[in-house]
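> Shown below is the structure under consideration.
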Amino acid sequence: MFNIAICDDEEQQRERVKSMLVSLSLKTNFDFQISLFTSGEQLLSHYREVGDTFNILILDVEMGGMNGIQTAKEIRNMKFLDVQIMFLTSYPEYMVESFDVITFQYLIKPIQPQVFEEKMIKLCQYFQALDKKYVLIKSDYDELLLKYDDILWIEVVKSLTIKNKLNFVTQENVHETKGILSCYATGLKDHGFLQIHRSIIINLMHVQKFSGTQVVMLNGTELPIGRSKVKEIKDAYTKYMIMRIQ
């Protein structure tokens, strides 16, 4: 599932791009979740309130109010660097400005469906190539790709209403999902993650130090280590650090 935002102040143009995405989805095995925005200001409001939920932004350059390039620069200034941006424009000369926002592609209006599909397929293939660096988590409402490097730790959360509730903790957010911790421990073992307690998996790259039966993460959070695991975990961390500097 690829989460895509279409931001254009013309309804006809938004619906045209949406229609091309739907058509592409029917031709391929790519699934798209599409959100529509009528202005750069509305899209920025989404980022401020919800955070980084999109894989791809399709931005019209020439919009009333904040234009597409200004919107993209604001998003990059918020440190959302992984989202890929495709600009739509009637004036190619604007594209020199877009280099500052790490754009992936741009299309000249009127958009040719074949060209649009070719560029979108490249974008989707780009994200597929990154799959090994991401974990997909699901909530009751949506799916989210989290980059391994962004995850600080994963923890079991006690809940009277939700069975097997887990929190994926990042620097910016806590993402709730359901799952078996041991399954994640196995799947993430080769990516620098380590189960330190029956209810906690940590990302070793975010460890600051060990202190007795606790590990201190770089953000200052102290997490408990299972008493029987202390030596095993410290040895694993030492091996991890040696591998990183080789």
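> Determine, for each peptide in 84-90, 203-209, the mean count of other beta carbons within 10 angstrom over its residues, then list the peptides with the highest first.
84-90, 203-209
> Give me Rg over Rh for the stretch 147-219, both radii from the alpha carbons and Rh done the Kirkwood way, two decimal places.
Result: Rg/Rh = 0.95.
> Another question, then. Given the peptides 5-16, 160-171, arrange them by the average over their residues of other C-beta atoms within 10 Å, most packed first.
5-16, 160-171
> Continuing with the same structure: What does the charge count around MET78 come to, taking other residues whose C-beta lies under 11 Å from its C-beta (Lys +1, Arg +1, Asp -1, Glu -1)?
Combined, the nearby Lys, Arg, Asp and Glu give +1.
> Antiparallel DSSP bridges in the chain: what percent, to the nearest 5?
The answer is about 60 percent antiparallel.
> Let me ask you something else. List every residue whose amide H lies under 5 Å from the amide H of LEU107, counting only residues 5 or more places away in sequence or on a different chain, with H placed 1.01 Å from N in the peptide plane.
For LEU107, the qualifying residues are PHE87, LEU88, THR89.
> Enter the angle in degrees (range 0 to 90, nearest 10) between the Cα long axis of helix 230-245 and the first principal axis of the Cα atoms of the chain, meaning the one along which they spread out most.
The two axes meet at around 40 degrees.
> So which of LYS27/LYS165; LYS122/LYS239; LYS27/LYS163; LYS27/LYS133; LYS18/LYS133 end up more than 32 Å apart, counting from Cα to Cα?
Correct reply: LYS27/LYS165; LYS122/LYS239; LYS27/LYS163.
> Sticking with this one: The list (1) 19.4, 66; (2) 17.2, 51; (3) 21.1, 65 gives values of Rg and Dmax of the Cα atoms in Å, and only one came from this structure; which label was calculated from it?
Calculated Rg and Dmax of the Cα atoms in Å: the matching label is (3).
> Do the sum for the chain: with -39,500 (n - 2.57) for every DSSP H run of n ≥ 4, divided by all residues, what is the mean residue ellipticity at 222 nm, to the nearest 500 deg cm²/dmol?
Calculated from helices alone, the mean residue ellipticity at 222 nm is -10500 deg cm²/dmol.
> Then there's this: How many angstrom lie between the C-alpha centres of the stretch 1-31 and the stretch 165-191?
That distance is 31 Å.
> Checking the a/c ratio against 1.5 first, then a/b against b/c, what shape does the Cα gyration tensor give for the stretch 199-246?
Oblate.
> Also: Classify the stretch 4-96 as rounded, prolate or oblate from the Cα gyration tensor: take a ≥ b ≥ c as the square roots of its eigenvalues, call it rounded if a/c is under 1.5, otherwise prolate when a/b beats b/c and oblate if not.
Oblate shape, in that a/c is at least 1.5 and b/c is the bigger or equal ratio.
> Taking the mean number of other Cβ atoms within 10 Å as a proxy for protection, how do you rank 69-77, 107-115 from highest to lowest?
69-77, 107-115
> Using only Cα atoms, tell me the angle between helix 40-50 and the longest principal axis of the chain; keep it within 0 to 90° and round to the nearest 10.
Compared with the principal axis, the helix lies near 10 degrees.
> Mind pulling the angle between the C-alpha long axis of helix 68-77 and the longest principal axis of the chain? Nearest 10 degrees, somewhere in 0 to 90.
Its long axis makes an angle of about 10 degrees.
> Kindly provide the pair-distance distribution of the stretch 101-246 built from C-alpha pairs, with 10 Å bins from 0 and whole-percent values in order of increasing distance.
10, 34, 28, 16, 9, 3, 0
Every read-out reported here was derived from the displayed coordinates using simple, explicitly stated rules and does not represent laboratory data. Quantities reported herein were computed from a predicted structural model and do not represent experimental measurements. Every residue, glycine among them, receives a Cβ derived from its backbone with ideal geometry; neighbour counts consider all protein chains shown.
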